[in-house]
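Down below is the structure, laid out as structure tokens.
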Amino acid sequence: LQTLRKEMIEELAEEELTAMDLSQRLGVQEKEVYSHLSHIAKTLAAQGKKLVVDPPRCMSCGFVFGDKKSFTRPGRCPKCKEQRIRAPRFRVK
Ligand SMILES: [Zn+2]
């Protein structure tokens, strides 16, 4: 578990990635990646670093999902009800 989180941090320090990218690179489920991200944010804060989140946004109307604590990909836009949501991207800084 610690190793997986460490690998995620290393990948995110290299480049900005989605949870899908991470799941493919590390061979784990996408939902598992999401479950680790909040822990990683805390780990990084303790190290004086930061998990930067480029929030999910609606590809139809441009609505940006503002809740920074939510790392998951929303299923539907609250504004236009479309389901074309761009996944959030993560980066370590
Ligand atoms: Zn929308």
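The values are calculated or read from the model by the stated rules, or taken from the named source; none is laboratory data. Just so it is clear, the model here is predicted, and its values are computed rather than measured. Heads up, the Cβs are rebuilt from the backbone with ideal geometry, glycines too, and the neighbour counts pull from every protein chain shown.
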Among (1) surrounded by 13 or more Cβ atoms within 10 Å (Cβ to Cβ); (2) free of Cβ contacts under 8 Å to residues at least 12 places away in the same chain, the one test that Lys81 misses: (1)
Residue in region 62-72 that is in contact (Cβ under 8 Å) with a residue 24 or more places away in the chain, surrounded by 12 or more Cβ atoms within 10 Å (Cβ to Cβ) and closer than 26 Å to Arg5 by Cβ present: yes
Count of residues meeting criterion [within 16 Å of the ligand (Cβ to nearest atom), of a type in the set (A, V, I, L, M, F, W, C) and in contact with a strand residue (DSSP E or B) (Cβ under 7 Å, 6 or more places away or on another chain)] in region 37-93: 9
Residues that are of a type in the set (Asp, Glu) and at pLDDT below 95, drawn from region 40-93: Asp54, Asp67
Some residue of region 29-47 being under 13 Å from Phe90 (Cα atoms), among the hydroxyl-bearing types (Ser, Thr, Tyr) and either in a helix (DSSP H, G or I) or in contact with a Cys (Cβ under 7 Å, 6 or more places away or on another chain) (or both): yes
